[in-house]
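Quick notes on the structure that follows.
The values are calculated or read from the model by the stated rules, or taken from the named source; none is laboratory data. Note that this is a predicted model, so its numbers are computed, not measured. Cβ: placed from backbone, ideal geometry, glycine included. Neighbour counts: every protein chain shown.
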Amino acid sequence: MAAWIARAHVRAARTDLAMVVVFAAVVIFTAAHGSDFATTTTINFGLFTLLTASLQIMLGFSNQASLTQVGIYGVGAYVAVYVETETGVAMPVALLASLAAGAAAGLLLALPLSRLREHILAMGTLAVQVILSEAFVHLTSLTGGVNGEAVPDALIDSVPVMATICACAAGVIIGLNHFRISRVGRRILAVKADETMAASIGINVRWLRLMAVAVSFAVAAGAGCLFTETAGFISPDDFTLTSSLAVLVAVILGGRSVTWGTLAGAAAYSVLNAETTSLPGLSDLLLGIMLVVVLGYLPSGLTGFRVPWQRVRLPYRAPRASGAADSDPTPQGTAAAAAVDACAHKEPHTRPRILPRKW
Amino acid sequence: MSAVTAVEPAALRVAGLCKSFGGVRVLRDFELTVPAQPQAAVAILGQNGAGKTTLLNLITRLVPADAGSIEVFGHNVLASAARHLAGYGVARTFQNPRLLLDETCLSNVVLGAQSVRRRRDGGTVAAMHRAAEALERVGLGGQTGRIAGTLPFGSRKLVELARALALRPRLLLLDEPAAGLSDLEESRLAEILTGLTDAGITLLLIEHRMALVAATARRVVMMDGGAIVFDGDAAAAIASPLVRERYLGAGFDQVKPERGKLR
Amino acid sequence: MNELTGAVASSLFYGTALGLMALAFTIIYTVSQVFNFAVGQFMILAALLTTAVRFTGSAVVNDLIAIALVAAMGSATYLVALRWPERHGASPLTLVIITFGIGIVIEQVAILAWGSYPLSEAPVLGGHFVLNGTYVPYQGLLLIAAAAVTVTGLGLLQRHTVVGKQLIALGGNRATARYYGINDRTLVAVAWTTSCAVLAIVGTLYLPLTGVAITTDLSYGVAAFAAAVIGGLGNPAGALFGGLIVAFVTNLTGVYVNPNLTDLLTFAMLFAFLVFRPGGLTGRSIELLGPRA
Amino acid sequence: MRRRHSRLVPVAIGLAALAGVAACSSSSSSSSASAAAATSAAAKGSPILIGLAAPLTGSDPSEGTSELAIAKYAVSVINGKGGIDGHQVQLVVRDTGGVSPTGAVTAFESLSSDKVAVVIGEYTSTNFQAGCTIAMAQHVVLIGHASATTGLTDGKTYCFRDAYQVSQSAGAMFETAKTMGWNPIAIAADTTSFGVSESTEFEALAAKYGIKIAANVSWTSPASSLTPQVLKLGQSGAKAVFIGSASGPDVTLLAKTMVQNGVKLPIFGPGGVNAPGVPAAAGTAYSALPGVYDITSYDSQVASAQAFMSLISKETGITQGGENPTQLYDAFMVAAAGLAKTNGQGGAALVTALQSLGQFPTMSGGPGTYVDYTPTQHSGLFGPHLYTIYKWDATSSAFAVDSSLSTVADESSGVNG
């Protein structure tokens, strides 16, 4: 019986496989190419994908826009460096500390922000981002102030670290891909679609929104910890409002697909970022033009095309009556229902005709 | 207060309920008790703006009350959040169905079926069976895989009803279930609703279509200006001069009782 | 008491400038629920047009030309960059991000055209008088007068002209307004024109007191946003009030507590208002609050 | 199938582009990719690559533009003299995107993938530090020309600079303060790395010179209002204000706000006080203040430097030099001298070569100004003519050299060879 649910996951697993192939290809290609610039570009891409995915948890699953992801990324980075330098623990422990710090920050901030919606929420998180930026500069004893902090034992341009980061990015996307099929995932998508309706069928709207923020911030902070491992040096200039804006742009740009959209947004942005280091004086202008043209004239993003992504198709088939294995599984309804059935599709989960069949 | 509560708490007990929006008083000292036994349908009539939908929103905690008390099956509603209502055995539908239009009918109903966890409920698969049963109960058994947004309006209302049924309520609040339905759909709805009361669910329905009210409701309550002006059985309501004057209008005499077409 | 006079005078000028920018925010927000984060850029662009381009020899004429040009640019910006997405279902959030993009484009083009060096803008009214050790420039008084005229004028226009009433209707409900035959494209373009004209007034009248540099755009823009939220979005007089509040609170805490935390204070105020009083001090409450479920 | 396909297309394009970036990281910088093997300059005639990491965008793109012009000029001079050991020199430019460590790292990685022999630039201290991390990891020599924070190159084998350090200029400023009788002083600095290092240095040196600090105000650059800071300065009873900000707009706003609030104190500082455009924008305010002093390492009185700047503007049309134009030029010359010793090879060989270079005469200096690296000291630029102090002349509305103060500052800077 549970096989039916498994089928939904199996269907999703095709996307997983594609993700693994894509990330593995990027990693192998970069490693084979061997240049440090290629490694750095891929590391930036992986980290950016993690940030994009973290925002996707908030924006894609519960419609909570955030302009503070990079601030939290910074919190994770500073916590990791602090923990490592003060206690000398290994990187995995620091990662746990960062994840915990991110989740805690999420719970702390989500409570006051819980009544804000849509772009008003974005503006509230904008204020948080600016406050965090100021805090990074002024809390000199913890952050080293504007002059930044060196990271002990950082593995700069290391291929294993690059592979780890890309594995994490792929893992988070795959996790999201399956999360939306799960019970909680579908409930939070219901919250996203209609909070009033969700509350009326007994869904704890506030709790789910809170958890989305906490998990999202934990992922962003974890990415910050990974960042310290490759950076060797962190300073408040790494964690600015502009970068947070870039993450939001990447998510909107990618479109509403939680998997391909995340990947497409992050990839497009990373390409632009890496490519414009050699375009004197034009990178900011290009960014501006891209914001106006791409967001304005491609409203559903790179992977959008008006296809609702959050459709979760539970492959349901009614249990067959024992001993009547060959009979039509469609249950018999009332007379009125039978009239409706007459125009229904034979297969219980046939797609409507306006959309072509997919694989 | 009454002797009934000692045996079993009433399905719904509203007392002294007040609600204003800005300067407009929508409900004033509203009182209504619906006993848990016998299960029956109670119809609420009233002109637009009489406070019917507000009453439903207050009961389901979608808007906060100014004063008064609401109890369902002995639970204090005003001390609970909207999400707790499903656990108390209360479900509702909306005048305009609120569905996830991008999802299949089944997914929509499974949301309800999985919402309140009870012991021996089983996992998602069991919830899917319950959801399919609920869809079948409203006559959409063959539509499980259909995307909700592609259904006609009337069927969407039925999907929403199925989702409410999947919560396994004891008290079902329906906000104009027949509005926007064709005559055929309306008669089918009447059958479904009758079946529900027979199955032991108390219904509280807001309805303008007298035919549906006459066919399903045992008791009719009429609201005007935020208070109850009439409370009696369906036949008495249609006969009542007060109801005629305030609600049905003078021309209601011509209406045919079975297939009443108002307005 | 010397510094108190200074704080009050400076707060009046800076607060009025922020208040007018907040008004510009509000005008657009009221009709289309969009925060325009390019306010700083439009404001400084007007100043750059009078200083770097310098159409004629007269400061007044230059200012008027700059105001007209920036106002025209405002409606052009809306029609080119925002109209289409708005009609095609872009969310307010996307539109806000697009205004960020518009700001970046203006900033970068201005840098390419005129560089990022600071410039000095000639005041319309030179000279000053000394009050308790503080120099009160006549230009500052002119700014306050202009603000009073602008706010009153816009208020009167809103209440007593057909366009003004239609704008209010549009702010109430766009779809309904359209049913009543209101041409929303023209009207929102009018709102953008008005908003950018107000910004240009700030740029031409306030920036002679501070110096002109395009790189300060976002600092002004975010401070003006804080002022708009604190004053209450959708309320012209409230916007002006919000600007004055931001200026007075930051300046007075700066003088009597700690001047190094003024930026932090501004954003803490913004955050607190968004969370606890999203309607601001005077405005109607924002309709984007979620249910209490 | 088709729909899923159409969703995949943009993703695929994006990833292909990403791969493209990784593969041809230097595609847009002319032909440098084809000359990837230039490190050892194996074949006669293949060019030696020198990288420039400059802020071509971000908060101060004009800085990057002038750096680029000067770098091009310096390379043309080197090639005009026959190149290095018979090899032509080719410039590879990457944008750091302003003050951005991540941008600096990306730019540096990109340059090192291009197999440049040496990287010059990273003008802010934050960027220099970030670039330095990569330089150490990849064994590529980095020469900074303007990063002023004290101790930046300490213990960093591959990092060099030819720049005056904040500690030196701050010392000269306090010496000037003593001469002028400014006690106490107040500090006004922004929160950029430059501002913070200035402010830290001022606080550290104050006690040594017996001068009190009456107030220390700061702001986030660029500022839209500096009234609270200025009023605090006025309240403090300071006799002069030391400024730690490289931002022209901020200093302009500060001066104007001081005049408006009747805070009539002399202001003194490096960077922003005499930044491009500031004398014109803040001139009226400067004239109303009792004294405006600029301290700089760039001595435009020296004939060679004047000739250099006029040549630059003739060649490139750049009239404003940006931060330390002559030092940037010097950095190229130092690099060329080092590379001549190693036959165009970078890495550890170049480090040794630079350390054994000895005294290298600079463009801006007088007879004794030279770059001199030792194995423990990679911050070069020492000599008797370190500083010039300019004083604002209200009648001519321009800065003019104050020779007596310059002498005081110069002789006291404590680093004379």
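Condition check for D:Leu91 on (1) more than 7 Å from chain A (Cβ to nearest Cβ); (2) in contact (Cβ under 8 Å) with a residue 40 or more places away in the chain; (3) within 15 Å of the chain's Cα centre (by Cα): one failure, at (3). For the criterion of being out of contact with any Pro (no Cβ under 9 Å at 6 or more places or on another chain), surrounded by fewer than 24 Cβ atoms within 10 Å (Cβ to Cβ) and within 14 Å of chain D (Cβ to nearest Cβ), C:Arg83 fails.
To keep it simple, each residue is scored yes or no on (1) in a helix (DSSP H, G or I); (2) within 18 Å of the chain's Cα centre (by Cα); (3) of a type in the set (S, T, N, Q).
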| position | (1), (2), (3) |
| --- | --- |
| A:Ile28 | yes, no, no |
| A:Phe37 | yes, no, no |
| A:Thr41 | yes, no, yes |
| A:Phe45 | yes, yes, no |
| A:Thr49 | yes, yes, yes |
| A:Ala53 | yes, yes, no |
| A:Gly60 | yes, yes, no |
| A:Ala65 | no, yes, no |
| A:Tyr73 | yes, yes, no |
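Can you say whether B:Leu100 is modelled with pLDDT under 90, part of a helix (DSSP H, G or I) and crowded, with 17+ Cβ neighbours inside 10 Å, as far as the supplied structure shows? The answer is no for B:Leu100. Scanning the stretch C:264-276 for residues that are within 14 Å of chain D (Cβ to nearest Cβ), of a type outside the set (Phe, Trp, Tyr) and touching a residue at least 12 places away in the same chain (Cβ under 8 Å) yields C:Leu265, C:Thr266. When the stretch B:61-85 is filtered for residues that are within 11 Å of another protein chain (Cβ to nearest Cβ), charged (D, E, K, R) and not in a loop (DSSP other than H, G, I, E, B), only B:Arg83 remains. Scanning the stretch B:196-208 for residues that are surrounded by fewer than 21 Cβ atoms within 10 Å (Cβ to Cβ) and not in a helix (DSSP H, G or I) turns up B:Ala199, B:Gly200, B:His208. Checking every residue in the stretch A:85-105 against the condition of being within 12 Å of chain C (Cβ to nearest Cβ), among the hydrophobic types (A, V, I, L, M, F, W, C) and crowded, with 20+ Cβ neighbours inside 10 Å gives zero matches. For A:Leu226, are the conditions met, namely being over 23 Å from C:Leu95 (Cα atoms) and touching a helix residue (DSSP H, G or I) at 6+ places or on another chain (Cβ under 8 Å)? Yes: the conditions hold for A:Leu226. With respect to being surrounded by fewer than 21 Cβ atoms within 10 Å (Cβ to Cβ), touching a residue at least 12 places away in the same chain (Cβ under 8 Å) and not in a strand (DSSP E or B), B:Ala211 falls outside the description. One residue is enough: does the stretch A:178-196 have a residue meeting the conditions among the β-branched types (Val, Ile, Thr), more than 12 Å from every other protein chain (Cβ to nearest Cβ) and assigned to a helix (DSSP H, G or I)? There is no residue in the stretch A:178-196 that is among the β-branched types (Val, Ile, Thr), more than 12 Å from every other protein chain (Cβ to nearest Cβ) and assigned to a helix (DSSP H, G or I). Of note, A:Gly222 satisfies the criterion of being more than 14 Å from chain B (Cβ to nearest Cβ), touching a Cys at 6+ places or on another chain (Cβ under 9 Å) and within 24 Å of A:Leu96 (Cβ to Cβ).
Checked across the stretch D:238-256, the condition of being farther than 15 Å from D:Ala282 by Cβ, under 28 Å from the mean Cα position of the chain (by Cα) and part of a helix (DSSP H, G or I) holds for no residue.
Identify all residues within the stretch D:243-256 that are at the interface with chain C (Cβ under 7 Å from one of its Cβ atoms) and at pLDDT 90 or above; write none if there are none.
Within the stretch D:243-256, D:Pro249, D:Thr252, D:Leu253, D:Lys256 qualify.
Among strands (runs of 3 or more DSSP E) entirely within the stretch D:117-229, having at least 1 residues that are within 22 Å of C:Leu261 (Cβ to Cβ) and either in contact with a Phe, Trp or Tyr (Cβ under 7 Å, 6 or more places away or on another chain) or modelled with pLDDT of 90 or more (or both) singles out D:185-190, D:213-219. Inspect the stretch A:87-105 for any residue being polar (S, T, N, Q) and either at pLDDT 90 or above or under 15 Å from the mean Cα position of the chain (by Cα) (or both) and give the result as yes or no. Within the stretch A:87-105, one or more residues are polar (S, T, N, Q) and either at pLDDT 90 or above or under 15 Å from the mean Cα position of the chain (by Cα) (or both).
Looking across D:Thr157, D:Thr176, D:Thr153, D:Thr149, one residue alone is within 10 Å of chain A (Cβ to nearest Cβ) and touching a residue at least 12 places away in the same chain (Cβ under 8 Å). It is D:Thr149. Within the stretch A:126-172, being of a type in the set (S, T, N, Q), without any contact (Cβ under 8 Å) to a residue 60 or more places away in the chain and either away from chain C (no Cβ under 14 Å) or surrounded by 21 or more Cβ atoms within 10 Å (Cβ to Cβ) (or both) holds for one residue alone: A:Ser141. The lone criterion from (1) surrounded by fewer than 15 Cβ atoms within 10 Å (Cβ to Cβ); (2) touching a helix residue (DSSP H, G or I) at 6+ places or on another chain (Cβ under 8 Å) left unmet by B:Gln95 is number (1). Here D:Ala240 meets the list (1) within 14 Å of chain C (Cβ to nearest Cβ); (2) aliphatic (A, V, I, L, M); (3) crowded, with 22+ Cβ neighbours inside 10 Å almost entirely, failing just condition (1). From D:Ala188, D:Ala204, D:Ala214, grab the single residue that is in contact with a Gly (Cβ under 9 Å, 6 or more places away or on another chain), of a type in the set (Gly, Ala, Ser) and surrounded by fewer than 24 Cβ atoms within 10 Å (Cβ to Cβ). Answer to the selection: D:Ala214.
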